[in-house]
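Comments concern the structure below.
The values are calculated or read from the model by the stated rules, or taken from the named source; none is laboratory data. Source: prediction; values computed, not measured. Cβ sites come from the backbone with ideal geometry, for glycine too, and all protein chains shown count toward neighbours.
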Amino acid sequence: MSFEGVTVPWLVTSKGNTSGSAGAFSQDFVYTAQPLKTVHTAQSVYDWFAWETGKNGTTQDPEDPTAPVDPRCDRLPKVFTAEPGEKTGYFCQDIYVGCTDDVQHVEWNDHAIHVDKRGRLSFLA
């Protein structure tokens, strides 16, 4: 199977019985199909990270000084596959800005893009 030109491998199994003789033949099969990789679009990753950080790509909220500034992600392929339960090899970042004793601190935080066993995205610190 393919999506937007990206091939997605599937594991398809069948179980069943055949019975009868020539002329009176029947087959009862049950098929199961499971993708071996999940499909993600760059836009869905960008949108989900922005949602998760609560910023939707805007600057720091003066009402919440702990909110990240300018969440961003690596340049991702338009469509890519990932193995369930694995890191994708891509990252998103956020910047935390703080001030202690009149000294401004800027900290970049990398979050590995991870796909859980069910194919859902998460961002690991």
(message) Testing Ser122 on (1) surrounded by 17 or more Cβ atoms within 10 Å (Cβ to Cβ); (2) at pLDDT 85 or above; (3) not in a loop (DSSP other than H, G, I, E, B), one condition comes back false. Which one is that?
(response) (1)
(request) With respect to Asp94, determine if the residue is under 20 Å from Thr53 (Cβ atoms), in contact (Cβ under 8 Å) with a residue 24 or more places away in the chain, surrounded by fewer than 15 Cβ atoms within 10 Å (Cβ to Cβ) and among the acidic types (Asp, Glu). (result) no
(request) Scan the range 78-119 for residues that are of a type in the set (D, E, K, R) and in a strand (DSSP E or B) and jot them down. (result) Glu86, Lys87, Asp94, Glu107, Asp110
